[in-house]
Amino acid sequence: MNKVLKGVFLVGLGATSYGMLATFVKMAYNNFGSSGNAYTPAEVITAQFLLGIIFVLFIITVQKIKKGNIVTKASKTNIKQLMIAGTSTGFTSIFYYLAVRYIPVSIGIVLLMQTVWMGVILEVFLEKKRPSNLKLIAVAIVLLGTIMATNVFQTKTQLDWRGLVLGIMAAASFTTTMFTANSIAINISSAQRSLYMLLGGAIVVFLFALITQKTPFNFDIFYKWGILLALFGTVIPPMLLNTGFPLTGIGLGSIVASLELPVSVLMAYFLLHEQVILVQWIGIVLIILAIVIMNINWHKKQPNNIVPSIK
């Protein structure tokens, strides 16, 4: 029981860290760099990935010093597979961070949670079998909760279609990450897996930066926001989740990890002063309920769809 409680604490803390991320990104967009221009998505994402790689390299070095030759090294096949899988983490960050430029963070996180039903669809194609009635009910609840949480029919301001499309694209990319990140090279340490996935994602991110960055690069992004984003986006959550999930099991861990949704909305409410009305909170509760339903007895029936190691 002590191990389970420890796992719940670690997973909850990791999910909470993820939940803070989008608000920090939005706050970075509202700041100006040394060049006099506002920080761009290219600068924000580049700083996060580059510093994330440095931090994870440091962690791997410390582990190697402590454990010596006990640490299992990644093979060339492992590295290749992880880097390919890591490209989806790069796309997730790009799409998600672009989305929150056009729509509120509280809406962006709801769109990202569409991975619940996207994962069911992907599972149908991969396993060639009809989803259970429980999953179909959960999907219906997610869709209803999304309609309420985004408040699309009652909102006075029109939601920017670019943000909605990018949010759905982020969810699709995140779904891909969920089905690959935790089934590849599971014999090596989580730090090594995080490193190679970050390197794969960094390739996508750097190409995005080269194509989209039209103004002089604000290098002060690295110490003003980059450290914070790297810690809460690519270092702390993966380590906590990868340590906590084996203790909680997939079912309980996935339920606890859904804390990311309310934490993200609360951060946006208190720090960005985004309006969140009662109907939206009801929608958020419904989405969390759907996650709970889908993960009842999960460890006995379904091996897939565990929380990814990087966002």
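The values are calculated or read from the model by the stated rules, or taken from the named source; none is laboratory data. From a predicted model like this one, the values you see are computed outputs, not experimental measurements. As a convention, Cβ positions derive from the backbone with ideal geometry for all residues, glycine included, and neighbour counts pool all protein chains shown. The area values use the complete protein model at the heavy-atom level, side chains included, leaving out ligands, DNA and RNA. Shrake-Rupley method; radii C 1.70, N 1.55, O 1.52, S 1.80 Å.
Among the helices (runs of 4 or more DSSP H) lying completely within segment 51-146, list those that include at least 1 residues that are farther than 29 Å from Ile203 by Cβ and open to solvent by 50 Å² or more (accessible area, probe 1.4 Å).
Values: elements: 76-102, 105-112, 115-127.
In segment 51-146, 115-127 are the helices (runs of 4 or more DSSP H) which contain 1 or more residues that are farther than 29 Å from Ile203 by Cβ and open to solvent by 50 Å² or more (accessible area, probe 1.4 Å).
Can you pull out the residues in segment 200-220 that are within 21 Å of the chain's Cα centre (by Cα) and crowded, with 18+ Cβ neighbours inside 10 Å?
The first filter runs over segment 200-220 and keeps only residues within 21 Å of the chain's Cα centre (by Cα), leaving 200-209.
Within segment 200-220, Gly200, Gly201, Ala202, Val204, Val205, Phe208, Ala209 qualify.
Filter segment 273-285 for residues that are open to solvent by 40 Å² or more (accessible area, probe 1.4 Å) and farther than 15 Å from Glu260 by Cβ and give the result.
First, pick out the residues of segment 273-285 that are open to solvent by 40 Å² or more (accessible area, probe 1.4 Å): 273, 275, 277-278, 281-282, 285.
If the condition is that a residue be open to solvent by 40 Å² or more (accessible area, probe 1.4 Å) and farther than 15 Å from Glu260 by Cβ, then His273, Gln275, Ile277, Leu278, Trp281, Ile282 are the ones that fit.
What about Thr176, is it closer than 25 Å to Val105 by Cβ, open to solvent by 30 Å² or more (accessible area, probe 1.4 Å) and assigned to a loop (DSSP other than H, G, I, E, B)? Please lay out each step first, then the result.
On the way: closer than 25 Å to Val105 by Cβ: yes; open to solvent by 30 Å² or more (accessible area, probe 1.4 Å): yes; assigned to a loop (DSSP other than H, G, I, E, B): no.
No: the conditions fail for Thr176.
Quick check on Val71: is it under 19 Å from Ile184 (Cα atoms) and at pLDDT below 90?
So Val71 fits the description; yes.
Does Ala85 count as in contact with a Leu (Cβ under 8 Å, 6 or more places away or on another chain) and under 29 Å from Leu228 (Cβ atoms)? Show your work before the answer.
On the way: in contact with a Leu (Cβ under 8 Å, 6 or more places away or on another chain): no; under 29 Å from Leu228 (Cβ atoms): yes.
So Ala85 does not fit the description; no.
Could you check segment 221-231 and list, in sequence order, the residues that are aromatic (Phe, Trp, Tyr) and surrounded by fewer than 23 Cβ atoms within 10 Å (Cβ to Cβ)?
Scanning segment 221-231 gives Phe222, Tyr223.
Applying the selection to segment 221-260, what residues are modelled with pLDDT under 90 and more than 16 Å from the chain's Cα centre (by Cα)?
Thr243, Gly244, Pro246, Leu247, Thr248, Gly249, Ile250, Gly251, Leu252
Please list, ordered by first then second residue, the pairs with beta carbon atoms under 6 Å, 6 or more apart or interchain, first in segment 240-265 and of a type in the set (Phe, Trp, Tyr), second part of a helix (DSSP H, G or I).
Partner pairs satisfying both residue conditions: Phe245/Gly253.
Taking the condition surrounded by 19 or more Cβ atoms within 10 Å (Cβ to Cβ), in contact (Cβ under 8 Å) with a residue 12 or more places away in the chain and part of a helix (DSSP H, G or I), does Ile168 pass? Show your work before the answer.
Details: surrounded by 19 or more Cβ atoms within 10 Å (Cβ to Cβ): no; in contact (Cβ under 8 Å) with a residue 12 or more places away in the chain: yes; part of a helix (DSSP H, G or I): yes.
Here the answer is no, as Ile168 does not meet what is asked.
Right, Gly7: crowded, with 20+ Cβ neighbours inside 10 Å, more than 20 Å from Tyr102 (Cα to Cα) and at pLDDT below 90 or not?
Details: crowded, with 20+ Cβ neighbours inside 10 Å: yes; more than 20 Å from Tyr102 (Cα to Cα): yes; at pLDDT below 90: yes.
Spelling it out, Gly7 is indeed crowded, with 20+ Cβ neighbours inside 10 Å, more than 20 Å from Tyr102 (Cα to Cα) and at pLDDT below 90.
Quick one: which helices (runs of 4 or more DSSP H) lie wholly within segment 189-273 and hold at least 3 residues that are touching a Leu at 6+ places or on another chain (Cβ under 8 Å) and closer than 24 Å to Met83 by Cα?
Details: elements: 190-212, 227-230, 236-248, 250-257, 260-271.
Once the helices (runs of 4 or more DSSP H) in segment 189-273 are filtered for at least 3 residues that are touching a Leu at 6+ places or on another chain (Cβ under 8 Å) and closer than 24 Å to Met83 by Cα, what remains is 190-212, 227-230, 236-248.
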